[in-house]
Amino acid sequence: MMAYYGEEAKVLSGGMSLIPLMKLRFASPGTIVDLNQIQGLDYIEEAGGYLRIGALARNRAIVRSGVVRSRHPLMASAAPTISDPVVRNRGTLVGNCCHADPQGDWATVMLCLDGEIVARSVDGERVIPISQFVTGPFSNTLQSNEIAVEARIPGGTSFGEYHKIERKVGDFATVAVGVALQASGGSVSRCGIGLTGVGPSNIKCYEAERIVTGSGLNEHTVEQAARAAAADAQPRSDHRGSEEYKREMVTVFVRRSLSAAAGIRAA
Amino acid sequence: MPEFRTVQCVVNDEPREAEVEPRLLLLHFIREVLGLTGTHLGCDTTSCGACTVLYDGLPVKSCTLFAVQADGHEILTVEGLGSPSELSPVQEGFHEEHGLQCGFCTPGMMITATAFLEENPNPTEEEIRWALSGNNCRCTGYQNIVKAVQWAARKMAASGVSARGANPIM
């Protein structure tokens, strides 16, 4: 169907972003292709070394998923902060990533966890790292004949937290910070740090991640990583808060999460 | 002219069928096609929850679904909760605890509270506040709404009646 309708078609999964955009006339697709008729796209499962989340898995199901909680605590921490409980009954992670709102939370979580999007078309399937999938505000790299059918995350992480300041439930993040780690003993084999709401896109903090994986967790590296993440933030002063406040909150949240992971009392 | 589509669904336990414009919102289908005006249009931006209905048993904001998405599904609106002579526990709770002032948000509040109490019949105050956080009330400060839900939970525990009332229709 996507190949037939091409550029004029938009895919509907949860509809929690597409329908509001249509009301605002920011989107007026000639054709809407409703995925909801497709059976078996609502899975959340671990298979082949990946946590796999189907395009119709609702945020409600992610909040309640045992495998999400045990394998990726960052995702479990972020899920209850997505929009509000009623909207979570419809909204999906895959749809949120496709919508590519720079204020969206799931893309930050996916950046932290090295997530990928699986796209399918009549020509076959391809896997796109989230860092390449989102190409800018409200734009992604899907071809007009492709549908994103799955988000997948390799391996597992032993620690994860998503700290989000929102003025009220359902608002966009004033600042949000995701931290995920795979740690054993003093060493950290995997570290993901990402930011929401403090730049023109979701931000992955490569330098802060490198500090943690390279030198492990101690009071010194925690502080270094928190400073590095704040340096990656590009906040703007607006009605949600000043540039200085948002940048400081990035430092605080990264420090708080890494300290919790290391068992250090945060300042 | 857009092609009209047939929607066949069950609303408040009654089979309904209508021809609709494909981009008609579920909210307008419920209010204007079916004439069930208990479901309210509030913000029209997926924020306030005044338009909340149950869609296959789960609360959704009907201003942000298309009517055609109801095809083959079950909808419960506030009209399906109870009757004036036999209120559901949640309706009775809102009455007993005065869980409303202007009443505009009340249908959505009661629908969300009903589904919540089915899932969690013995909630804490904090759990109630989280469950209702997608429904806005601009009058009451929520205190009496929370009390109303607590009242309904006690009534359910004492009477063995489900959140949807003595004659659950879904």
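The values are calculated or read from the model by the stated rules, or taken from the named source; none is laboratory data. Quick caveat: nothing in here was measured; it's all calculated off a predicted structure. Cβ sites come from the backbone with ideal geometry, for glycine too, and all protein chains shown count toward neighbours.
Output the residue which, of all residues in the range A:51-67 that are among the β-branched types (Val, Ile, Thr) and closer than 30 Å to B:PHE66 by Cα, is farthest from the other protein chains (Cβ to nearest Cβ).
Taking the range A:51-67 as the starting set, the residues that turn out to be among the β-branched types (Val, Ile, Thr) are A:53, A:62-63, A:67.
This time we only want the ones that are closer than 30 Å to B:PHE66 by Cα, so: A:53, A:62-63.
Working: A:ILE53: 19, A:ILE62: 15, A:VAL63: 11 Å.
By that ranking, first place goes to A:ILE53.
Screening the candidates A:ILE32, A:ILE19 for the property of being surrounded by 18 or more Cβ atoms within 10 Å (Cβ to Cβ), assigned by TED's automatic domain parsing to the domain that holds A:ILE147 and outside any helix (DSSP H, G or I) yields one hit, A:ILE32. If you go through the range A:71-105 and keep only what is free of Cβ contacts under 8 Å to residues at least 40 places away in the same chain, hydrophobic (A, V, I, L, M, F, W, C) and out of contact with any Leu (no Cβ under 9 Å at 6 or more places or on another chain), you end up with nothing. Candidates are the residues of the range B:58-75 that are crowded, with 24+ Cβ neighbours inside 10 Å and among the β-branched types (Val, Ile, Thr); the one that is farthest from the other protein chains (Cβ to nearest Cβ) is B:ILE75.
Taking the listed residues A:GLU207, A:GLU244, A:GLU223, the one that is within 19 Å of A:PHE159 (Cβ to Cβ) and assigned to a helix (DSSP H, G or I) is A:GLU223, with no other qualifying. Do we have B:SER47 as within 12 Å of chain A (Cβ to nearest Cβ) and polar (S, T, N, Q) here? Answer is yes for this residue. Buried (at least 22 other Cβ atoms within 10 Å of the Cβ), within 22 Å of B:ALA131 (Cβ to Cβ) and outside the structural domain of B:PHE116 (by TED's automatic domain parsing): is that true of B:ALA50 in this structure? Yes; evaluated as a whole, the condition is true for this residue. Scan the range B:111-128 for residues that are away from chain A (no Cβ under 13 Å) and either assigned to a loop (DSSP other than H, G, I, E, B) or modelled with pLDDT under 95 (or both) and jot them down. Those that are away from chain A (no Cβ under 13 Å) and either assigned to a loop (DSSP other than H, G, I, E, B) or modelled with pLDDT under 95 (or both): B:PRO121, B:ASN122, B:THR124.
Tally the residues that are outside any loop (DSSP other than H, G, I, E, B) and within 14 Å of chain B (Cβ to nearest Cβ), restricting the search to the range A:78-104. Selection size over the range A:78-104: 11. The residue of the range B:89-99 that is farthest from the other protein chains (Cβ to nearest Cβ), among those that are farther than 11 Å from B:ALA153 by Cα and touching a Phe, Trp or Tyr at 6+ places or on another chain (Cβ under 6 Å), is B:GLU96.
Residues are listed down the side, and each one gets a yes or a no for (1) within 11 Å of chain B (Cβ to nearest Cβ); (2) free of Cβ contacts under 8 Å to residues at least 40 places away in the same chain:
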site	(1), (2)
A:TYR5	no, yes
A:ALA9	no, no
A:GLY15	yes, no
A:ARG25	no, yes
A:SER28	yes, yes
A:GLY40	no, yes
A:GLY49	no, no
A:ARG69	no, yes
